[in-house]
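Participant: Starting off with a structure, shown below.
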Amino acid sequence: MIVRELELDLDAFAGPFDLLLTLVLKDELDLRELDVAGIVVAFIERLAERDELDLEACGEFLVLISALLELKARGLFPEEAAELADLEPEAAAEELARRLAEYRRMKDAAAWLRERLESEGDRFFRLGPAPLAPKLETPLAPQEPERLAEVIRLLAKEPPQVSLAHMALRFPPVSQFLERFRSLLRRRSRFDFDQEVGELTRVEQAVAFLALLDMRRVGEITIDQAAPFAPIRISGTDVEREASWTVRSA
Amino acid sequence: MDSPLRLIASNPLDQLARTLEALLVVASAPLTVEELAEAADDEPERVEAALGLVRERYSEARSGIVLEHVAGGWAFRSSREAAEACARLFEKPAQRNLSQAALETLAIVAYLGPCSRPDIARIRGVAADSAVANLSERGLISEAGRDDASLGGAIRYRTTPLFERVFGLESLSQLPRLDDVGESADAIRDRLHEVAEKRSA
C-alpha cells in the first residue's frame, strides 16, 4: 500500500494524499481549513480493507500526518507557540486539558443545539425584513424664533430681476447667405463650407448652413462630406451653371 | 344583526387584545411589549394582561396559529400539528443543512459572544472563516463591533434574534448552563493522566 496514493475526499480537498502535501507545502491550501482527522479516518479505512498490517505504510503515514499536525498547530497558535513552550510539562498539560475541556463543552453545546433544532423543527413562522415603520423623530436642533423669522423674511423678499440681455440672439437673414454662396459659385465651381464661414459666429454659421440646405433642396448645389466632421464640400450643379450660361447668353 | 366575532369573552381588555392580534399578524419579527404598547397606544401592563388573553386563545390544539414568547418578544407561528402541511409549502433557509462545524461555531458565538473568528478558531482548532460567513449569510449571527476600539481589531460576532427564534428560545439565558452539558475539565484531565500512566507503564 502506498501512502502517497491514498485517495482523500475531504471538505477542503479531494484527491491523492501527495497532491495534498504538495499544495500545503506550496501554501496553496490553508492547513487550518483541513480536517486532519478525516485523513486519518481515510487511511484507517484503507488499512482495514486489507487483512495484513502494512507496517511500512503505517510508519510513513505516521511521519507525514504528525508533520501535518505540527504544521497545523503552529499555524493555529502563531503567537502562543512561544508562550506554551515556556510552560512546564505539568502546566502545559493543564493548559491542554483546559482547552480540550472548553472544546468539549462547545461540542456538547452544539449537540444540544442540534437536538433543539430537531425538536423545534415543526415550528413555522413568518420571516422577512423588519417592516417596522420608521420612528417619528425630530432631528432639528432647538430653533430661535427670531432667526427663523429673519430667514423667512429673506425668502419673502422679491428676487432681483435677472438680465437676459446677454442671451439675445441675432439672426442674419438667410437670403444674405444665399446671395453670397451664389456669387461664390459663379466664380468657382466648388468651395469649402468650413473655410467660408470659419470667421463667423455660431449663429451666423447655423444660418449659413440653413441657406445651404435651401440651395440643396432646389437642386442648385450638391453637398459632400467624406466622413462625419470632415470638411463640407459644396459644388454647383450643372443645372445652375446651365442656367447662368443661359442668363449670360441671353 | 351580526355582532363582531367574540374571540375573548367580554372582558375590559377585549378591544386591546384584538389590536394586539392585528399587530402580531402583520409583524414579521417578534414584537416586544414596549413596541406593542407604543403601537396600541396603551399601558405596557395592560398590554401584558391582554397578551395573556391572546395567548390563551392562540395555543397548541386550540388554534392553527400559536402565540409564543420568543427572541425577547411575542410572535405568531404555526401550530406544531400543521408542521407537515407547512413543510410542503415553505422552506426553512436559516436552519437547513447546518453542518457540524456551523453548529459548533454557533454554539461558541451563542455562549461566548461577542467573539471574533480567532477566538472561535482557538477553541475549534480549525479556521472559522467559512463557518462564520455561512452563519452570517443565514442571518443567525451578525457583526457586533471589534475586538478593541481601534480599527485594526478583529470583528466580533453575536447571535441574532433570528437565532433565538429558530431555536425557539425566549432569550440566550434559556441556553443550558455549559457545566450541565459538557464533561468537566477535571474529567478530561483525569483521562489525560490515565493515558500518560499507561504509556509509562
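Participant: Got a number for residues in segment A:150-183 being surrounded by fewer than 12 Cβ atoms within 10 Å (Cβ to Cβ), in a loop (DSSP other than H, G, I, E, B) and not small (Gly, Ala, Ser)?
Facilitator: Of the residues in that region, 11 qualify.
Participant: If you scan segment A:50-66, which residues turn out to be loosely packed, with under 11 Cβ neighbours inside 10 Å and touching a residue at least 12 places away in the same chain (Cβ under 8 Å)?
Facilitator: Listed by number, the list holds a single entry, A:Arg50.
Participant: Given the condition surrounded by fewer than 17 Cβ atoms within 10 Å (Cβ to Cβ), of a type in the set (D, E, K, R) and in contact (Cβ under 8 Å) with a residue 24 or more places away in the chain, answer yes or no: does some residue in segment B:39-49 qualify? Show your work before the answer.
Facilitator: Going residue by residue through segment B:39-49, those that are surrounded by fewer than 17 Cβ atoms within 10 Å (Cβ to Cβ) are B:41, B:43-46, B:48-49.
After this cut, where a residue has to be of a type in the set (D, E, K, R) as well, the list is B:41, B:43, B:45-46, B:48.
Next, from what is left, pick out any that are in contact (Cβ under 8 Å) with a residue 24 or more places away in the chain: B:46.
Yes, segment B:39-49 has at least one match.
Participant: Tell me yes or no: at least one residue of segment B:10-17 is modelled with pLDDT of 90 or more and among the acidic types (Asp, Glu).
Facilitator: No, that holds for no residue.
Participant: How many residues are assigned to a strand (DSSP E or B), acidic (Asp, Glu) and more than 47 Å from the chain's Cα centre (by Cα) when one looks only at segment A:184-231?
Facilitator: Final tally of qualifying residues: 1.
Participant: What number of residues within segment A:5-40 are part of a helix (DSSP H, G or I) and closer than 19 Å to A:Glu70 by Cβ? It would help to see each step written out before you state the result.
Facilitator: Within segment A:5-40, the first condition is being part of a helix (DSSP H, G or I), and the residues that meet it are A:5, A:17-25, A:31-33, A:36-40.
From what's left, closer than 19 Å to A:Glu70 by Cβ: A:17-18, A:20-25, A:31-33, A:36-40.
Total satisfying the criteria: 16.
Participant: Could you pull out every one of the strands (runs of 3 or more DSSP E) wholly within segment B:58-146 that has 1 or more residues that are within 11 Å of chain A (Cβ to nearest Cβ) and surrounded by 17 or more Cβ atoms within 10 Å (Cβ to Cβ)?
Facilitator: Qualifying strands (runs of 3 or more DSSP E): B:65-70, B:73-78.
Participant: Take B:Arg156 and tell me if it is within 17 Å of the chain's Cα centre (by Cα) and among the charged types (D, E, K, R).
Facilitator: No: the conditions fail for B:Arg156.
Participant: Oh, and also: Return the residues of segment B:64-95 that are farther than 27 Å from B:Ser173 by Cβ and out of contact with any Asp or Glu (no Cβ under 9 Å at 6 or more places or on another chain); say none if nothing qualifies.
Facilitator: B:Ala85, B:Arg88, B:Leu89, B:Phe90, B:Glu91
The values are calculated or read from the model by the stated rules, or taken from the named source; none is laboratory data. Keep in mind it's a predicted model, so treat the numbers as computed, not measured. FYI the Cβ positions are ideal-geometry reconstructions off the backbone, even for glycines, and counts take in every protein chain you see.
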